[in-house]
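The structure under discussion appears below in the form of structure tokens.
All of the numbers you see were taken from the coordinates with simple rules; none came from a lab. All figures in this text were calculated on a predicted structure; none of them were measured in a lab. Please note: Cβ atoms are built from the backbone with ideal geometry, for glycine as well, and neighbour counts cover all protein chains shown.
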Amino acid sequence: MASTVSTAAPSGQTAMNFTRGKSLRQRAHAIIPGGCHTYAKGDDQFPQLAPSFIVRGKGCRVRDLDGNEYIEYGMGLRAVTLGHAYQAVIEAAARQLQWGSNFNRPAPIEVECAERFLELVPTAEMVKFCKDGSHALDGAVRLARAYTGRDYVAICGDHPFFSTSDWFIGTTPMPGGIPQWTRSRTIRFHYNDRDSVVKLLEQYPNQIACVVLEPARLEEPRDEFLSWLRDTCHRHGALMVLDEMITGFRWHRSGAQHVYGVVPDLSAFGKAMANGFALSALAGRREVMRLGGLDHDRERVFLLSTTHGAETHALAAGIATMETYRDQDVIEHLYRQGERLRAGVSAAARAAGVERQVECLGRPCCLLYTTRNQEGKPSQEFRALFLQELIKRGVLAPSFVVSFAHTDRDIDLTIEAVSEALIVYRRALEDGVGRFLVGPPVKPVFRPYV
Ligand SMILES: Cc1ncc(COP(=O)(O)O)c(C=O)c1O
């Protein structure tokens with residue numbers, strides 16, 4: 001069971017064995033395109049000397065197929081905020097599973113979970129659940145198009161990801177298989193750039209159904225940008241959709257919309273909602289959301305209706321997770337540990353003389369890091385090297401996104417690992433990264449060719 005993952009110092013700098021992982025990787029690539037089911041977990045995202053498969057996790061510790069252990073960051077693509085196998089959540093899900101997970105009519109827990117969600121996110125009046133963030137955002141876009149009778153969707157071009165569906169993927173460097181009409185209906189504005197928004201609204205008068213953006217990413221909103229954007233959209237008959245997939249239950253237990261004091265027309269939550277169980281939500285104003293319901297005389301909108309949309313155990317996990325946010329200082333913990341980590345990484349970078357290269361970015365509850373080269377430019381080779389050197393020292397950190405399970409000791413051990421890894425980084429800046437990096441650099445997910 002997961003509880004067998006230790007809480008001791010990770011294995012330290014030893015020559016790690018990845019033999020079993022490597023062999024399973026070959027089998028995986030023979031039958032699964034890309035070797036796994038999520039691009040962000042793929043082989044091209046990690047250095048050659050990395051675990052290929054994780055078999056179990058407890059808290060912030062995970063174990064790979066070869067028995068190596070790591071302190072993990074950004075767990076489950078930021079879905080696991082409380083820690084792996086968090087007891088209250090798995091107990092709630094397991095209890096519910098005993099009663100069955102899917103019936104011909106809704107289960108009462110669908111109502112309970114909706115009430116719990118709306119208590120935590122009072123800026124919304126109605127909510128509908130589904131399984132993925134993409135699906136929730138697709139629902140938002142369809143609703144906005146139906147509500148406004150318009151086709152165009154304006155996305156924030158500075159935010160990297162909104163959905164796996166055509167309306168978004170068609171705008172990326174990987175638009176294969178997506179018709180031109182669909183691609184052309186999604187247009188871009190820039191964050192904090194009022195002129196870019198006004199320009200679009202003038203260029204496409206009465207044609208933009210909604211704007212879609214994260215409330216914030218690395219850059220905070222300036223001069224009330226979010227409220228201005230919402231009011232401007234409304235003046236032009238468009239809706240504002242906030243993607244709270246990352247910020248929700250992380251910036252604040254009521255979402256970033258609470259932090260910035262903005263009430264969007266629609267917003268989408270997922271990831272942190274159920275501590276790794278598949279659950280997401282589209283929430284928003286009753287007047288818009290009700291088009292997906294049965295109590296209006298407008299044209300109906302097919303809104304988020306799937307076979308597995310309300311699996312009872314995922315809803316139970318969601319309730320237990322949201323109750324934990326409500327009753328414990330989860331968010332405060334994320335900020336505190338992130339701040340300690342940021343301070344430690346900065347000090348280590350200064351000590352190694354790589355402070356221009358390796359820098360923590362973002363809110364402490366959601367830290368990313370840079371890996372720049374000698375010229376100060378982002379470098380995938382140096383990213384691979386840094387990942388490799390951290391992995392050798394028992395830290396698996398595609399980001400420095402902490403969870404409720406990261407203790408002071410975990411952060412201290414991580415800072416030690418970072419300090420040592422950055423000495424190698426420094427030498428690689430001087431002698432060439434190729435002397436230290438084993439295998440090819442990592443690559444961006446969105447690229448047109450392999
Ligand atoms: C900001 C943002 N929006 C939407 C999504 C899509 O969520 P999902 O992968 O659950 O479909 C992601 C996923 O990483 C995301 O980071």
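Table for the structure above
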quantity: Cβ charges +1 (Lys, Arg) and -1 (Asp, Glu), total dipole of the range 73-129, debye; calculated: 200 debye
quantity: Other-chain or far-sequence residues with amide H under 5 Å of Ala281's (modelled H); calculated: Cys130, Phe269, Gly270
quantity: Restricting the range 305-409 to trypsin sites (Lys or Arg not before Pro) in coil, as DSSP defines it, with at most 16 other Cβ within 10 Å; calculated: Arg356
quantity: Rotationally averaged projected area of the range 149-221 (alpha carbon convex hull; nm²); calculated: 5.2 nm²
quantity: Sparsely packed chymotrypsin sites (Phe, Trp or Tyr not before Pro) within the range 58-113, loop by DSSP, other Cβ within 10 Å at most 11; calculated: Phe103
quantity: All-pairs Cα distance distribution in the range 8-86, expressed in whole percent, bin size 10 Å; calculated: 17, 49, 31, 3
quantity: J(HN,Hα) series, the range 82-94, from Karplus relation 6.51 cos²θ - 1.76 cosθ + 1.60, nearest Hz, glycine and proline x; calculated: 8, x, 5, 6, 5, 4, 4, 6, 5, 5, 5, 5, 5
quantity: Fraction of beta bridges assigned by DSSP in the chain that are antiparallel (%, nearest 5); calculated: 55 percent
quantity: Interatomic Cα distance distribution for the range 94-136, bins of 10 angstrom, percent; calculated: 22, 47, 29, 2
quantity: Contact order normalised by residue count of the chain, Cα under 8 Å, 6+ apart, percent; calculated: 22 percent
quantity: Highest-MSF residue in the chain out of Ala93, Ala15, Ala349 [GNM, Cα springs under 10 Å]; calculated: Ala15
quantity: Volume per residue of the C-alpha convex hull in the range 336-450, rounded to whole Å³; calculated: 110 Å³
quantity: Pairwise FRET efficiency - Glu332 versus Glu119, Cβ, R0 = 25 Å, nearest 0.05; calculated: 0.85
quantity: Magnitude of the charge dipole, the range 50-98, Cβ model with Lys/Arg +1 and Asp/Glu -1, debye to 20; calculated: 160 debye
quantity: The range 181-335 - percent relative contact order, Cα under 8 Å, separation 6 or more; calculated: 16 percent
quantity: Leading residue at positive end of dipole, the chain (Cβ point charges), from Gly76, Ile411, His29; calculated: His29
quantity: Alpha carbon centroid spacing (whole Å) that separates the range 231-264 from the range 205-224; calculated: 9 Å
quantity: Kirkwood Rh and Cα Rg combined as Rg/Rh, the range 110-182; calculated: 1.04
quantity: Relative contact order %, the range 96-166, counting alpha carbon pairs below 8 Å whose residues are six or more apart; calculated: 25 percent
quantity: Long pairs among Lys131/Lys392; Lys22/Lys377; Lys41/Lys271, criterion Cα-Cα beyond 23 Å; calculated: Lys131/Lys392; Lys22/Lys377
quantity: Computed helical MRE - 222 nm, the chain, DSSP H runs ≥ 4 contributing -39500 (n - 2.57), nearest 500; calculated: -11500 deg cm²/dmol
quantity: 3J(HN,Hα) from dihedral phi, the range 292-299, Karplus parametrisation 6.51/-1.76/1.60, rounded to Hz, x for glycine, proline; calculated: x, x, 10, 10, 8, 10, 7, 4
quantity: Choice from Ile169, Ile411, Ile32 with maximal GNM fluctuation in the chain (Cα, 10 Å cutoff); calculated: Ile32
quantity: Whole-Å semi-axes of the range 259-347's equivalent ellipsoid (Cα gyration tensor); calculated: 34, 18, 11
quantity: Most mobile listed residue (Asp138, Asp329, Asp297) in the chain, GNM with C-alpha springs under 10 Å; calculated: Asp297
quantity: Straight-distance crosslink candidates among aspartates and glutamates, where the alpha carbon sits under 14 Å from Lys443 and sequence neighbours closer than 8 are dropped; calculated: Asp43, Asp44, Glu381
quantity: Amide H contacts of Arg56 (H built 1.01 Å from N, under 5 Å, at least 5 apart or other chain); calculated: Arg63
quantity: Kirkwood Rh and Cα Rg combined as Rg/Rh, the range 18-176; calculated: 1.01
quantity: Over the chain, volume per residue of the alpha carbon convex hull, in Å³; calculated: 155 Å³
quantity: Cα-based Rg / Dmax (Å) for the range 188-290; calculated: 13.9, 42
quantity: Kirkwood estimate for the range 314-385, i.e. one over the average of 1/r between Cα atoms, Å; calculated: 14.2 Å
quantity: Taking all pairs of distinct alpha-carbon atoms in the range 110-252, Kirkwood radius in angstrom; calculated: 15.9 Å
quantity: GluC sites (Glu not before Pro) restricted to DSSP loop in the range 100-168 with at most 10 other C-beta within 10 Å; calculated: none
